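No lab work stands behind these numbers, since they all come straight from the coordinates. In this text, all values refer to a predicted model and were calculated from it rather than measured experimentally. Neighbour counts are summed over all protein chains in view; Cβ atoms, including those assigned to glycine, are modelled from backbone coordinates with ideal geometry.
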Amino acid sequence: MEEVLNKIKERIEGSKDKKILFFCIGNIIRGDDGVGEYIFHRLPEKENIFRINAGNAPVNFIGKVETLSPDIVIIIDCMAAGKDPGSITFTNSSQIYSSPIDTHSGLINEFIKGIKPSPDWYIIGIQPYSLTDIDKLSDEVKVSADKLIQLFHEVV
């Protein structure tokens, strides 16, 4: 996990003069699918930081993202990547199109293609343990989410 966290840190560190949008996706009543919303409520609040809690309808926010005109968009979601629960995947938008991972991929692809002008896109996914109808995160996913939150507070 530390290797992925370092990779994320390298990409966003030094972006303090850029507009960064954290675009959080998921549904908290579906267990680990709510990791985006969990992180959304704990993100840093700074002048150059913007946050959107898109729930499970990211395409509904295309206009809002275009109005904000961010330099960097970081999508945060639960992501089935065939890894251990709580594992973090970090990718850019070009990699998501050809990847076997699932992060509401059709919706994400449509959303990314719909934004003009196109900012730098990064996708952070956390492998779920459970997507059952329970309104809390698994321990594995919560630990990873808390590490990401700490990282974001340190580097943005």
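For the range 2-15, what does the Karplus curve 6.51 cos²θ - 1.76 cosθ + 1.60, with θ = phi - 60°, yield as ³J(HN,Hα) per residue in whole Hz, taken in order and with x for Gly and Pro?
4, 4, 5, 4, 5, 5, 4, 4, 4, 6, 9, 5, x, 9
What list do you get for V35, V65, V155 if you sort them by fewest beta carbons within 10 Å?
In order of increasing Cβ crowding within 10 Å: V155, V65, V35.
Taking H as built 1.01 Å from N, whose amide H comes closer than 5 Å to the amide H of F50, not counting residues under 5 places away?
I20, L21, F22
Apply the Karplus curve 6.51 cos²θ - 1.76 cosθ + 1.60, θ = phi - 60°, to the phi angles in the range 21-32 and return the couplings in whole Hz, x for Gly and Pro.
With the stated coefficients, the range 21-32 comes to 10, 8, 10, 9, 10, x, 10, 4, 7, 10, x, 5 Hz.
If amide hydrogens are placed 1.01 Å from N in the peptide plane, which non-local residues have theirs closer than 5 Å to the one on N56?
Amide H to amide H, under 5 Å and 5 or more residues apart or across chains, N56 pairs with G26.
Give me a comma-separated list of calculated 3J(HN,Hα) values for the range 53-58, in order, Karplus coefficients 6.51, -1.76, 1.60 applied at θ = phi - 60°, integers in Hz, x for any Gly or Pro.
9, 8, x, 10, 9, x
Taking neighbour Cβ counts within 10 Å as the exposure measure, how do I49, I29 sort from fewest upward?
I29, I49
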